[in-house]
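Derivation of every value follows stated rules applied to the coordinates shown; laboratory data play no part. Bear in mind the structure is a predicted one, so any value in this text is a computation, not a measurement. Glycine gets a Cβ as well: all are built from the backbone with ideal geometry, and neighbour counts include every protein chain shown.
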Amino acid sequence: MLKYIITIIFIAVFQLNVYGQIAVKADTIYTMAGNPIANGVILIRNGKIENVGANLSIPQGYTTYTARVVTPGLIDVRSSVGLSGAYNVPSDQDQIEKSSPLQPELRAIDAYNPEDKLLEHLKRNGITTIHTGHGVGALSSGQTMIVKTKAGLIDDVMVQPIAMVAMTLGPAVSSNFTSPGTRSKQVAMLRAELLKAQGAMKPKDTSKAPDLRQLIMQQLLRGEVKALISANTATDIMSAIRLAKEFNLKLVIEGGAEAYRLIDQIKASKAEIIVHPTMARPGGEMVNMTMENAAILSGAGIPVSIESGFESYVPKSRVVLYEAAAAMIHGLSFENALRSITIHPAKLLGLEKRVGSIEKGKDADLVLFNGDPFEYTTKACIVIIDGKVEVNQCQ
């Protein structure tokens, strides 16, 4: 009995050392689950949000931090960080495997580097969760995954090892591969692969080794993972919608530079949408982009999530906080700008019960700002992930 009591005490002390008991006081808390809370307090225990409200009393033993503004930890809903590294050299660029344009079986977890310097850069700007993986530029470049930006080995930071299958329609594919060279060929190759996987779902000889490509494509067909299709022109967006309808895929349109032209079609398809960075460069397939894209879609009642996307040049990663601020300058409301990098991506990723808002029982992922989050001179002073202070940079 004594050994049992000692074990319980040891576990309790260990948890307190790892997670701590934290109280956060703020002039304003944007919970994203209701109205902002003035003079709010958030209590954190064992890595979770214990309570949140106005003028809560703080129990003894809690370490207290103060801030002007607190938001949920920010979410980068589409990135290639961890596979596309900071050094921009071949040894840290694993986001595209160019031996074949169609490789949905490639797993992001097998290439992800949790020690990439870009993760620290993002974390210092308030990003606590990222949806990352194989990038744009292949018909199917591979799988994506969801991780926290906290320090640790892959098992420590992992949220979900397989989230979606990344695909691309448009000139980014033909620039990397000689075949497919045209849009028609791209869609035909994807249809052929989906039909092959569909046919293989019938009862068969289970003694044969499973085909890795067919296994992941069958997960797509069963709706177990989403189809993340990068498409920017109206032509490519409509192709993605037709493909999803034909095979009953759960479609996420990524990029969507001309999505503002297809409001009714996107609504009818029930596709979710991740828009390209607001400050992306217009040109090529994005020649008709507008910085008002997020505002137009949001105004039409379409939930918008803003991505950092992929940059082929240093510093290799945009910061979604700044991209949402730019979208706000071009018509997106403050609330929807904040939603686009918190609760909207949380819902799109199926993680709304864990992250994206400040509510009792959710992961204690918070950003403590010394001013308006969308002001360029404001800093993310303290970043808390799973109840642990990961960044403290305003001392």
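What the table shows:
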item: FRET efficiency, Ala188 to Glu292 (Cβ-Cβ, R0 41 Å, nearest 0.05); result: 0.75
item: Semi-axes of the equivalent ellipsoid for the chain, Cα gyration tensor, largest first, Å; result: 37, 26, 19
item: Pair Asn248, Asp27: separation of 7 Å Cα→Cβ label points (nm); result: 5.4
item: Volume per residue of the C-alpha convex hull in the stretch 44-125, rounded to whole Å³; result: 166
item: Ile22, Ile384, Ile263, Ile343 arranged by Cβ crowding within 10 Å, fewest neighbours leading; result: Ile263, Ile343, Ile22, Ile384
item: Using θ = phi - 60° and Karplus 6.51 cos²θ - 1.76 cosθ + 1.60, couplings along the stretch 227-236 (whole Hz; Gly, Pro as x); result: 8, 9, 10, 7, 8, 10, 7, 4, 4, 6
item: Fraction of antiparallel bridges per DSSP, the chain only, in percent to nearest 5; result: 55
item: Considering only the stretch 26-113, percent of DSSP beta bridges that pair antiparallel, nearest 5; result: 75
item: Footprinting exposure proxy for His330, His131, His121 (fewest neighbouring C-beta atoms within 10 Å first); result: His330, His121, His131
item: Loop-located GluC sites (Glu not before Pro) in the stretch 208-300, at most 14 other Cβ atoms within 10 Å (DSSP); result: Glu224
item: At most 13 other Cβ within 10 Å, DSSP loop - trypsin sites (Lys or Arg not before Pro), the stretch 222-275; result: Arg222, Lys270
item: Candidates per trypsin sites (Lys or Arg not before Pro) in the stretch 84-161, loop by DSSP, up to 11 other Cβ within 10 Å; result: Lys98
item: Modelled FRET efficiency - R0 22 Å, Arg281 with Tyr376, Cβ distances, 0.05 increments; result: 0.65
item: Order of Arg318, Arg339 - criterion: other Cβ atoms within 10 Å of each residue's Cβ, fewest first; result: Arg318, Arg339
item: The stretch 266-279 - phi-based ³J(HN,Hα) in whole Hz, Karplus 6.51/-1.76/1.60, Gly and Pro as x; result: 5, 4, 5, 7, 6, 5, 8, 9, 10, 8, 4, x, 4, 8
item: Label-point gap, in nm, between Gln265 and Thr235 - each point 7 angstrom along Cα→Cβ; result: 1.2
item: Efficiency of FRET from Cβ geometry, Glu335 and Ala54, R₀ 25 Å, rounded to 0.05; result: 0.85
item: Debye log10 I(q)/I(0) at q = 0.18, 0.24 Å⁻¹ for the stretch 266-367, Cα point scatterers; result: -0.90, -1.34
item: Between 0 and 90°, nearest 10: helix 183-199 axis offset from the chain longest Cα axis; result: 80
item: The chain - mean residue ellipticity at 222 nm from DSSP helices (-39,500 (n - 2.57) per run, n ≥ 4, rounded to 500); result: -8000 deg cm²/dmol
item: Projected label distance in nm at Arg222 and Gln198, using a 7 Å step from Cα toward the beta-carbon; result: 1.8
item: Dipole moment magnitude, nearest 20 debye, the chain about Cα centre, only Lys, Arg, Asp, Glu C-beta charged; result: 780
item: Anisotropy class of the stretch 59-199 from Cα gyration tensor, a/c 1.5 cut; result: prolate
item: For the stretch 186-303, alpha-carbon Rg over 2.2 N^0.38 Å; result: 1.23
item: Total lysine pairs whose alpha carbons fall under 19 Å of each other in the stretch 123-274 (8 or more apart, or interchain); result: 17
